[in-house]
Structure formats: structure tokens, C-alpha cells
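One structure is given here, and the rest of the page talks about it.
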Amino acid sequence: MSEMRIERVETVVVDIPLRRAHRFARASMDAQPVLYVFVRTAGGVTGVGEGVVPGGPWWGGESVETMQVIVERYLAPVLLGRRVDEIAGILRDINDVVAANLFAKTAVEVALHDAWARHLDVAVHTLLGGLARTRIPVTWALGTEPAPVVVEEALAKLDTGLHRSFKLKMGAQDPADDVARIVAVAEKLAGVAGVRVDINARWDRLISLTHLPALAEAGVELIEQPVPGHDVDALAAISAALPIPVMADESLRTPADAIRLVGARAAGVFAVKTTKSGGLRASRAIAEIAAAAGIPCYAATSIESPIGTAAALHFACSTPTLGWGSELFGPLLMAEEMLVEPLVYDADGLHLPDGPGLGVELDPARIAAFRRD
Ligand code: MN
């Protein structure tokens, strides 16, 4: 079994062009930087994982540049010479060497799962406990542009048949104007598609309690993270005041956060991202805590390329309690394909690929084309 011994750890940063600029409250991007981490074993098997944040360090402090340094200088030495099936011990030792940096750790953790699964000739979801489903609905995310622009994009997306709900980014303008914009969009989409909003922690308790009831009245079905991640008290007050669920995102990174949110009754839905939590295992732990508390989960995104999307999909398809579906639209936003065989999206959602490991293969020519020098 020495074939499972890790011989090499390599990283590469690519910048993948987007089909259109993606706007958050304060940041915008027209290409998504992605860090790929490759873990190669003595048996000649290579596992790949992806480190990615939504368009830069504004969300959680990490970027592809910080992730590359952390992986190459501090995490790779922990991996070298170890067997990929010693994954629990490797992850324990990684946490002894590097605090926080969960996005970087995700890239390594997923690469280890991919390599381990390929050695066993099983799919990653098998290592996560088996399947609950083989496809998942995908919400489309709309930016902070004016209502007519957003509605036009939403209607065009509905015509493709790929999406039945939309998540709108908020927080880029005055709250009253922003609410008027969303109400206008919700009126146009009423009865046709679900409308959800993500405020990305831009508001405080008072602004939220003042303005969110109007969104609920307008038919918005879910409010994501109105207040800063640390302000669990405010999140709980907002949850108690609204007739629709509040979803925790910035407030939820670790299983310990999940326990805290459950105890405070702060969220009705958990946004789970393999990227922000350190990988598949932490995501699984969060989903188990949520299930025990009766809280449905949502497979959220950091706008992953197809590798990170496949990892999130293996998590999603092995998690029974994803009552709110997913927003694993990253590959659809990208203008360039990175896989030999693209992921399949259709009216039923995003389909789990067949095959060992993550079930997908990166195209080396595409990596070469978008590699950052
Ligand atoms: Mn969010």
C-alpha cells in the first residue's frame, strides 16, 4: 500500500474569464482567480482540489495568492511522505501548523479525497457515506445592477429552463433604494420564480429590522446574512422578527459556528460551502449538526470552477437535508470550459458525474491557456 504515499504537491493559479462581470456590494470581477492543488502519489494517481474565494479577499481575508503561499510553504511539507488514506491524521497535523486559512485547507482536503477515492476506484461521495441524490437544483445569482437589467437577465435565464429561483446581491446602495429595486424585481418574477436576497453582511440590526419586512411582504422567500458574521445576536433578532427564513453564510464557517447558531436560534437555513469551511468533512459535520437541529441546508458557492463545483456536488449529493437546493452555478458563469467533459446542467439541475474520485478531469491545455505567470 506504499502506492498511496504522497510524492508531490503542486499548485497552479489560473484566471478564468467570466461571461459577464459579477458584482457584489463592494467588489466586482470579470475573471475568477482559482488555485488548483495537485497531490500525486507513488502509485501515479493525482488528486486535485480547488482553492477559490468570491472575487478576492473581501469575503473572508484569503485570496488565491495567500492560499498558494500557505499550501506550498506550510501544508505541502505536512503531506509529503504520508499516505493519502491517513487523511484524518494529516488534517489534524495541518491544523497544528496553520490556523484559520480554511479556503486554502479546502483545496488540500479535496485533493486528498480525490486521490484517495481514485486509489480505491470509488467516487468521492462513497467516502462521504453514499448518495442521497444524483442531481440538485441550481439557483442563478443576479448582481447589484438596476431592476430592469436584473429582470431582463432573470427572464432570459428562465427561458433556458436551467433555473427556477434567483438570488440577488444587495448592499451596494442606500437600503431604501436597494429595497425598492428588489421589490420591483420580485413583482416581475412573482409566481414565475423564487426570489432570494444576499446582503453579504452590509447592514446592521436596525437597518435590517426597518427594511427587511418590506422584502418579505414583496414575496422574497429567503434573506441571506444581513448583518456581520460575528453578530449572531442581531441575526437571531432578525430571524425572530421575520415571517421568512434567514440564512447564515458569513456567520457559519465551522462546526462550532453551527452549534452557536443553533443555540441562539439565529438562522432558519444554513449556507454550506465546502470552500469556506475547510472542505468536505467540515461541511458534513455542519450538515449533521443542522440535521439534528431540524435546520435545512443550502449548497452555496464561492463561484468555483468545475473542480470545486464537483467537490461541492459530491457533498450535496451525499447530504439528505439540502432542502433549499444549491447555487452551484460557477461553471455556467465562466466563459471557458476547464474540463475534458463538461459538467451537465439541465432542467433537473446539476448532475453528479460518474467515475472515480471527483468524476471529472481537468484539460491540461485549458490550464496552460489560463495559467497566471
Ligand atoms: Mn452569501
Rounded accessible area of residue 144 (nearest 10 Å², 1.4 Å probe): 20
Residue with peak Gaussian network fluctuation, the chain [Cα springs, cutoff 10 Å], from 336, 62, 50: 336
Beta bridge orientation in the stretch 127-351: antiparallel %, DSSP, nearest 5: 15
Cα pair count fraction exceeding 14 Å, expressed as % - the stretch 1-82: 66
Projected label distance in nm at residue 344 and residue 241, using a 7 Å step from Cα toward the beta-carbon: 4.7
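With a 1.4 Å probe and all protein chains in place, put 251, 2 in order of accessible area, largest first. Present the calculation step by step, with values, prior to reporting the outcome.
On the way: 251 5, 2 70 Å².
Heavy-atom accessible area, descending, gives 2, 251.
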Helix-derived mean residue ellipticity, 222 nm - over the chain, DSSP H n ≥ 4, -39500 (n - 2.57), to 500: -11500 deg cm²/dmol
Full-stretch length increase - residue 85, residue 28 - with 0.36 nm per residue and alpha-carbon distance subtracted: 16.6 nm
Residue-normalised accessible area of the stretch 236-373, given per residue in Å² at a 1.4 Å probe: 33
With all protein chains modelled, accessible area of residue 204 [1.4 Å, Å²]: 80
Mean Cα-pair separation over length for the stretch 127-351, i.e. relative contact order, pairs under 8 Å, 6 or more apart, %: 22
Spread of Cα-to-Cα distances over 5 Å intervals beginning at zero, given as percent, for the stretch 229-277: 5, 24, 37, 21, 9, 3, 0
Per-residue SASA entry for residue 160, accessible area with 1.4 Å probe, Å² rounded to 10: 80
Lys pairs, the chain - Cα-Cα below 16 angstrom, 8 or more residues apart or on other chains: 6
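So what's the projected area for the chain, the Cα convex hull averaged over all directions, in nm²?
16.6
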Distance between modelled label sites at residue 15 and residue 288, nm, 7 Å Cα→Cβ extension: 4.2
Degrees between helix 306-317 axis and first principal axis of the chain (Cα, 0 to 90, nearest 10): 80
Cα centroid of the stretch 169-196 to Cα centroid of the stretch 286-326, whole Å: 25
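All other residues with a Cβ under 12 Å from the Cβ of residue 49 taken together, and with Lys, Arg as +1 and Asp, Glu as -1, what is their net charge?
-4
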Centre separation in Å (Cα based) which lies between the stretch 334-373 and the stretch 63-116: 23
Efficiency of FRET between residue 173 and residue 351 - r from beta-carbon atoms, R0 51 angstrom, step 0.05: 0.85
Fluctuation leader among 214, 290, 311 - the chain, Gaussian network, Cα springs under 10 angstrom: 214
Solvent-accessible ranking of 58, 203, largest area first, probe 1.4 Å: 58, 203
Label-point separation in nm, residue 3 to residue 156, each point 7 Å along Cα→Cβ: 4.9
All-pairs Cα distance distribution in the stretch 192-313, expressed in whole percent, bin size 10 Å: 14, 46, 32, 8, 0
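The values are calculated or read from the model by the stated rules, or taken from the named source; none is laboratory data. Given the structure is predicted, the values throughout are model-derived calculations rather than measurements. All Cβ positions, even for glycine, are placed from backbone atoms using ideal geometry, and neighbour counts span all protein chains on display. Accessible surface is based on the protein model in full, side chains and every heavy atom, while ligands, DNA and RNA are left aside. Shrake-Rupley method; radii C 1.70, N 1.55, O 1.52, S 1.80 Å.
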